[in-house]
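Taken together, the values in this text are just the output of simple stated rules run on the coordinates, not laboratory data. Computed from a predicted model, the values in this text were never measured in an experiment. Cβ placement follows ideal geometry from the backbone for every residue including glycine, while neighbour counts extend to all protein chains displayed.
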Amino acid sequence: MIRSMCLKFVCLCLTISHVYGNLENDGIDLKTMYKEMLELRETVHKLDNVVQKQSARIYDLETTVTIQRNHIEDLMTDKKTDIEYRRKLERRLKVIENNFVWKYSKPKEYNVKSSNIYLHENVDQHKNTDYNSEIVDGIVKEMINPNFNANSRKERLLLPQDNTASDGLVAFYSYMSNPENNPSAHHTLIYDVSVTNVGNGYNHVTGIFTAPTSGVYVFIWVTRIAYGEHPTQLMINNTVYGVTFLRAKNGDDGSVSGTVVANVTKGDSVFVRVHSSYAGDGSIHSNEHGRPSFSGWLLH
């Protein structure tokens, strides 16, 4: 379009130059014609600017469409994962119901201490049966005996079941099963799927690791960012021990990890949170292609 207009402008100039002598004889005002030529050139220049802006706008719109398409694909993947997760929970609940009927159907068993009900299915392909069995046993005891003296169900869910390390070994690894959308500053990140929890120091409900024994520990946390940016902090009690930051915008998707080696005292709380002074924006992403995680172990 611009080339065509420029060509017309050149042709106009040649035509004017060709008849220049006749114009003077005919009494045409050359100053007026020159002024009109300048106005025409200015018009062409403005049209050129408009076309450039429209091209840039079209490019931005195409980029936005690409980002939205990728986001929709991720949402569809997350939905599929959630459906599979729900089906596993339904099958798991069925196992618990069957075990309950089998174990507590006889009256003579009502006053006997409940042993662990081992669940034969797991969530996200990882077993956490000991912890879940204790929860189920507590609920069953309350159903059978209303005067059963125990912590409330909420307290059982929030408190680690046993903080005693096995043979001096302490190690845990958990990951986040779903995205955290626009978390605020100071927000504690909860890695809800506990894969390894030797020593039972990590609580997958609160996201906090409570040291079962004193010593030197290694902690590693991984954060995946999509369509945004977030800084995170590794905290030991109220002290910041490590910080990470990642910006992934314009359709980017990436992960950042941090490592901390620290001397931890028994009973100290270790967790990962969004930075206290800057929350960032966008989501902390998680799906089958990559998940945020939190892990640690007793080094010495």
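Per-peptide packing, taken as the mean over residues of other Cβ atoms within 10 Å, places 46-57, 186-197 in the sequence 186-197, 46-57 from highest down.
How do 294-300, 205-211, 274-280, 34-40 rank on mean C-beta neighbours within 10 Å, highest first?
Details: 294-300: 18.0, 205-211: 19.7, 274-280: 15.4, 34-40: 11.6.
Output ranking for 294-300, 205-211, 274-280, 34-40: 205-211, 294-300, 274-280, 34-40.
Projecting label points 7 angstrom from Cα along Cα→Cβ for Leu61 and Leu38 puts them 3.7 nm apart. Remark: spin-label model distance Glu73-Leu89 equals 2.8 nm, labels positioned 7 Å along the Cα→Cβ axis.
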